[in-house]
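What follows is a set of notes on a single structure, which appears directly below.
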Amino acid sequence: MTTAYQRLGSTPELNSILFKYKLAKVLTLLSLLAVVLMALASTVFPDQLYQLFDKDDQANADEETVQDFGGIKTSTECRLPSKLVIPKSEGILYTPPSPDNSLFKVLEMVHDDEYNQYCQHWDPVNGFDDEIPYNVDGECGNWQERYQQLHAQRLEQLERLKSGDFESFAHDDKPKYISYFCKKVPENSNRGCGGLADRMSGMISTFFYALLTKRAYLAHWAPENPIPLEYLFDQPYVNWTHEPSELRKVFEVPDNELLGYQYVDTLNQNYDTLGNSVFPNGTSQDFETLWNSSYVEVHSNRGYIVRTFDHSTRYQEELKKMGLTKENAFGCLADYIFRPTINARRFLNMYRHVFAMKSVLSVGIQIRTNDNALANPERDHNSLETWFYYIKCANELATAKRQPHHKRVVYFLITDSHHLREEFESMNEDMALRQKYLGPAADVTSLLITGLPIEHVEPDQVAKYINVEHPRLTSLERMVPGVNSALMENWLLSYANYRVISPQGYGKLAAFHSKKDKTTVSMPRSPRRAKSLNCANPALLDAYDFSWLSHQWSLG
């Protein structure tokens with residue numbers, strides 16, 4: 001006999017089950033729809049989507065305070081919080097995110113005494129300290145106070161010139177000024193100021209010229225190329241802020257011996273051409289007679305400081321009396337005239353004090369893949385396998401330079417590839433990768449990154465020769481973090497004991513800034529040649545000295 005099935009009547013329990021089933025079905029469909037819409041948005045509107053989430057992340061970070069993550073500091077005990085928060089800067093000045101968790105992994109490995117010393121730089125209320133000492137023991141010479149007085153005098157004279165008070169100069173020397181100017185790049189031009197290293201080469205060399213010719217030094221980036229210089233640097237000793245167009249109006253006056261304007265352009269010049277521009281009379285060149293107008297405006301991304309030490313017979317004795325050498329000049333001048341902003345310094349110190357530990361041997365590794373990794377990150381396929389020869393060089397260098405007091409080796413990576421950076425840091429946990437790439441020293445080696453944003457200083461220039469598949473708006477919201485991050489990572493690279501760098505200008509800037517010659521290996525452009533290097537060979541560091549580096553890329 002066949003069973004007769006009957007439709008059950010409605011009950012409260014059955015209605016509840018049906019309602020929950022239909023609700024779950026609707027939510028599932030909505031979730032799938034949201035995923036589809038997000039995928040489409042990431043393809044069609046990548047910039048807007050990025051900014052949306054970036055703002056959300058920043059808003060969450062802004063709500064965090066130094067006190068939110070614990071930490072103890074008493075007269076007898078100091079323990080860092082679980083997260084090092086940087087108090088938010090006022091206005092547009094950049095506040096970096098907390099350091100990458102790889103920093104804490106390094107701190108877990110150091111001796112208790114060094115951990116406690118590190119911890120003393122942290123404050124439960126204000127966070128990490130921002131002090132970066134300068135010339136404490138006279139390591140940068142004795143010229144600073146004299147130049148500060150000269151600069152103040154020149155600015156006072158400038159106010160008189162602006163007011164037309166020429167008669168008061170009867171007993172004054174001729175007021176002289178030099179300005180580094182990075183102007184806005186026309187849309188149809190490829191003559192930008194270059195990346196951070198190119199710009200800094202021109203900026204610091206222009207200050208070097210000012211110091212030797214008793215000129216006030218001024219500096220200016222066009223606000224849209226890519227940010228105002230004041231958003232990147234403090235002015236610890238002299239005020240270099242100015243508006244170039246206003247000064248041109250003051251000095252472009254004929255038949256006045258106190259005035260006069262001269263425009264100098266050494267942008268993108270090669271070694272020989274720059275030699276003709278800066279040393280037309282050879283080794284005896286006097287800079288006073290080179291550019292002799294009262295106001296000189298320089299458009300440059302090339303350096304000539306090391307070259308002056310190597311080839312000038314005119315300034316050897318004068319520079320020696322100042323306490324400047326080929327080894328310390330670039331770094332000492334850079335740190336005098338440009339100081340990273342306060343929260344950038346806090347971030348820098350979190351890493352700098354690790355590199356300063358006696359038990360740590362630090363090797364900075366800078367891998368410039370190419371601009372494609374920045375322009376089209378979705379096509380970033382860079383890997384440790386592709387760039388392993390940089391790690392190989394670091395391994396050899398660390399083996400050769402490690403001393404008995406070095407209990408820990410720290411490799412600090414800077415790269416333009418997010419994918420490569422993530423895989424590099426993963427070696428902290430992935431034992432198979434550690435054994436494959438770090439070799440015998442794997443057990444004592446830590447991998448360190450910053451986690452900071454990765455941006456090119458001139459993305460609009462990059463877009464002129466690379467097809468950017470998903471263009472993003474070049475705005476202050478994007479570029480202030482990006483440019484500050486490029487600066488901070490470069491400064492950190494200079495603090496490492498040794499460096500393995502790509503052959504372009506960025507790594508070389510860190511080498512010059514380190515004030516330590518013969519501590520950098522510049523990898524050849526040819527991967528075949530780079531793979532054949534023996535970085536344990538002591539002659540290699542001698543070969544890549546400051547004189548050699550000053551002939552490369554943005555010169556020196």
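Quick check on my filter: what residues within region 380-412 are in contact with an Asp or Glu (Cβ under 8 Å, 6 or more places away or on another chain) and outside any loop (DSSP other than H, G, I, E, B)?
None; the set is empty.
Restricting to region 497-549, what's the tally of residues that are basic (Lys, Arg), free of Cβ contacts under 8 Å to residues at least 40 places away in the same chain and outside any helix (DSSP H, G or I)? Walk me through how you get there before you give the answer.
The initial filter retains those residues of region 497-549 that are basic (Lys, Arg), namely 499, 508, 515-516, 518, 525, 528-529, 531.
From what's left, free of Cβ contacts under 8 Å to residues at least 40 places away in the same chain: 518, 525, 528-529.
Imposing the further condition that a residue be outside any helix (DSSP H, G or I) reduces the set to 518, 525.
Looking only at that region, the number is 2.
Please work out which residue is most open to solvent (accessible area, probe 1.4 Å), limiting yourself to region 194-221 and to residues that are assigned to a loop (DSSP other than H, G, I, E, B) and over 14 Å from VAL483 (Cα atoms). Explain how you work it out, then say what you get.
First, pick out the residues of region 194-221 that are assigned to a loop (DSSP other than H, G, I, E, B): 194-195, 214-215.
Next cut, over 14 Å from VAL483 (Cα atoms) only: 214-215.
Values: LYS214: 108, ARG215: 5 Å².
In this case the residue turns out to be LYS214.
What residue, of PHE338, PHE309, PHE347, PHE330, is touching a Pro at 6+ places or on another chain (Cβ under 7 Å), modelled with pLDDT of 95 or more and closer than 30 Å to LYS183 by Cα? Full working, then the answer.
Values: PHE338 fails: touching a Pro at 6+ places or on another chain (Cβ under 7 Å); PHE309 fails: touching a Pro at 6+ places or on another chain (Cβ under 7 Å); PHE330 fails: touching a Pro at 6+ places or on another chain (Cβ under 7 Å).
On inspection, the qualifying residue turns out to be PHE347.
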**Asked** When the residues of region 403-440 are filtered to those that are within 27 Å of the chain's Cα centre (by Cα) and among the basic types (Lys, Arg), which remaining residue is nearest to VAL110 (Cα to Cα)?
**Response** ARG408
**Fill in**
All conditions in (1) acidic (Asp, Glu); (2) over 20 Å from ARG408 (Cβ atoms); (3) within 20 Å of the chain's Cα centre (by Cα) are true of ASP123 except (3)
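On the basis of being open to solvent by 40 Å² or more (accessible area, probe 1.4 Å), in a loop (DSSP other than H, G, I, E, B), among the hydrophobic types (A, V, I, L, M, F, W, C) and in contact with a helix residue (DSSP H, G or I) (Cβ under 9 Å, 6 or more places away or on another chain), does LEU84 make the cut? Quick ask: steps written out before the conclusion?
Numbers: open to solvent by 40 Å² or more (accessible area, probe 1.4 Å): no; in a loop (DSSP other than H, G, I, E, B): yes; among the hydrophobic types (A, V, I, L, M, F, W, C): yes; in contact with a helix residue (DSSP H, G or I) (Cβ under 9 Å, 6 or more places away or on another chain): yes.
It is false that LEU84 is open to solvent by 40 Å² or more (accessible area, probe 1.4 Å), in a loop (DSSP other than H, G, I, E, B), among the hydrophobic types (A, V, I, L, M, F, W, C) and in contact with a helix residue (DSSP H, G or I) (Cβ under 9 Å, 6 or more places away or on another chain).
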**Message:** Let me spell it out: the conditions are (1) outside any helix (DSSP H, G or I); (2) touching a Ser or Thr at 6+ places or on another chain (Cβ under 9 Å), and LEU473 meets all of them except one. Which number is the exception?
**Reply:** (2)
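Only residues that are assigned to a loop (DSSP other than H, G, I, E, B), acidic (Asp, Glu) and either farther than 19 Å from PHE330 by Cβ or open to solvent by 100 Å² or more (accessible area, probe 1.4 Å) (or both): list them for region 135-150, please. Give the derivation first.
Narrowing region 135-150 to residues assigned to a loop (DSSP other than H, G, I, E, B): 135-143.
Within this subset, residues satisfying the condition of being acidic (Asp, Glu) are 137, 139.
Across region 135-150, the qualifying residue is only ASP137.
Test LEU333 against the criterion of being within 22 Å of PHE233 (Cα to Cα), touching a helix residue (DSSP H, G or I) at 6+ places or on another chain (Cβ under 7 Å) and in contact (Cβ under 8 Å) with a residue 40 or more places away in the chain, and give yes or no.
Numbers: within 22 Å of PHE233 (Cα to Cα): yes; touching a helix residue (DSSP H, G or I) at 6+ places or on another chain (Cβ under 7 Å): yes; in contact (Cβ under 8 Å) with a residue 40 or more places away in the chain: yes.
Yes: the conditions hold for LEU333.
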**Message:** The conditions are (1) open to solvent by 50 Å² or more (accessible area, probe 1.4 Å); (2) farther than 15 Å from ILE365 by Cα, and PRO459 fails exactly one of them. Which is it?
**Reply:** (1)
**Prompt:** What helices (runs of 4 or more DSSP H), lying completely within region 252-346, carry at least 3 residues that are crowded, with 20+ Cβ neighbours inside 10 Å?
**Reply:** 305-311, 329-337
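Quick one: how many residues across region 352-374 are outside any loop (DSSP other than H, G, I, E, B) and open to solvent by 20 Å² or more (accessible area, probe 1.4 Å)? Give the steps one after another, and end with the answer.
Initial filter on region 352-374 (outside any loop (DSSP other than H, G, I, E, B)): 352-355, 360-367, 371-374.
Adding the requirement that they be open to solvent by 20 Å² or more (accessible area, probe 1.4 Å) leaves 352-353, 372, 374.
Residues meeting the conditions: 4.
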**Prompt:** List pairs: first in region 455-475 and within 20 Å of PRO223 (Cβ to Cβ), second loosely packed, with under 15 Cβ neighbours inside 10 Å, Cβ under 7 Å, 6+ apart or cross-chain?
**Reply:** GLN461/ASN190; ALA463/PRO471; ARG472/ASP47; LEU473/ASP47
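Here are LEU549, LEU555, LEU492: which of them is at positive phi and open to solvent by less than 10 Å² (accessible area, probe 1.4 Å)? Full working, then the answer.
On the way: LEU549 fails: at positive phi; LEU492 fails: at positive phi.
Of LEU549, LEU555, LEU492, the one residue that is at positive phi and open to solvent by less than 10 Å² (accessible area, probe 1.4 Å) is LEU555.
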**Prompt:** So which pairs qualify, if the first residue must be in region 421-440 and at positive phi, the second must be part of a helix (DSSP H, G or I), the Cβ gap must be under 8 Å, and the two must be at least 6 apart or on different chains?
**Reply:** GLY439/ASN395
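The values are calculated or read from the model by the stated rules, or taken from the named source; none is laboratory data. As the structure is a computational prediction, the values presented were derived from the model and not from experiment. Neighbour counts run over all protein chains shown; Cβ positions are idealised from the backbone, glycine included. Areas reflect the complete protein model, heavy atoms only, side chains present, ligands, DNA and RNA absent. Shrake-Rupley method; radii C 1.70, N 1.55, O 1.52, S 1.80 Å.
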